[in-house]
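No lab work stands behind these numbers, since they all come straight from the coordinates. Only a predicted model underlies this, so the values are computations on that prediction, with no experimental measurement involved. Virtual Cβ from ideal backbone geometry, glycine too; neighbours counted across all protein chains shown.
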Amino acid sequence: MPDIVKPSVQAFLVCDTIIIDSLTGKKSIIGAFTHLWAKTFPCQHPQMGVYFCLNDAEGTYQFEIELIYLDKNQTVGKGALSPIEIKSRLETHDFGLNISTIVFPGPGRYEFRLHANGQFITQKDFHVIQQESPQKTPTS
């Protein structure tokens, strides 16, 4: 396989969901965040979305996303897009991918990693934080 042109990433966001308009192809980024809160672990998140925008790409690309629990170097989620042909390095393309049912084994740092044809492109990290239980106050 010939070497691919490594795309230049203009945006890489994590959110609750990506909605793609079937007529225009426009992406709606719903619930962008930099950290999540959970009361107990393991905790399950019903869906997460990843949005990325890139240019300076040319050729056929297979984009894959991997979610890593950095504290344990453990893969906890994956997703992929169908292969796409990009004709010109001058074009800008944006993509949205939803990954269903993610289980977070514990609090700590997590990272989405973007690959194109098996080549690492970029990453975006976020934190999952254990929510403190409210202190009970004695009643009189």
With at most 15 other Cβ atoms within 10 Å, longest stretch of the chain clear of loop trypsin sites (Lys or Arg not before Pro) (DSSP): 90-135
Total formal charge among the other residues, if their Cβ is under 11 angstrom from that of residue 75, Lys/Arg +1 and Asp/Glu -1: +1
³J(HN,Hα) computed for each position of the range 5-13 - Karplus, 6.51 cos²θ - 1.76 cosθ + 1.60, integer Hz, glycine/proline x: 6, 6, x, 9, 8, 9, 7, 8, 10
With springs connecting C-alpha atoms under 10 Å apart, model the chain as a Gaussian network and identify which of 118, 49, 79 has the largest mean-square fluctuation. 118
Could you run the Karplus curve 6.51 cos²θ - 1.76 cosθ + 1.60 with θ = phi - 60° over the range 115-131 and give me ³J(HN,Hα) per residue in whole Hz, x for Gly and Pro? 10, 10, 6, x, 9, 5, 10, 6, 9, 9, 9, 7, 10, 10, 10, 6, 7
Whole-Hz ³J(HN,Hα) for each residue in the range 23-29, computed from phi via Karplus 6.51 cos²θ - 1.76 cosθ + 1.60 with θ = phi - 60°, x for glycine and proline: what do you get? 8, 9, x, 5, 9, 9, 9
Roughly what percent of Cα-Cα pairs across the chain reach past 25 Å? 34 percent
Let's see if you can work this out: charge +1 on each Lys and Arg Cβ, -1 on each Asp and Glu Cβ, no other charges. What is the dipole magnitude of the range 8-129 about its Cα centre, in debye to the nearest 20? 280 debye
Of 90, 36, 81, the most mobile residue in a GNM of the chain (C-alpha springs, cutoff 10 Å) is 90
For residue 37, other-chain or 5+-apart residues with amide H closer than 5 Å (H placed, Pro excluded) are 129
Within the set of other residues whose C-beta is less than 14 Å from the C-beta of residue 53, count the net charge using Lys and Arg as +1 and Asp and Glu as -1. 0
Mean-square fluctuation check for the chain, GNM, Cα pairs under 10 Å: which of 58, 111, 91 is largest? 91
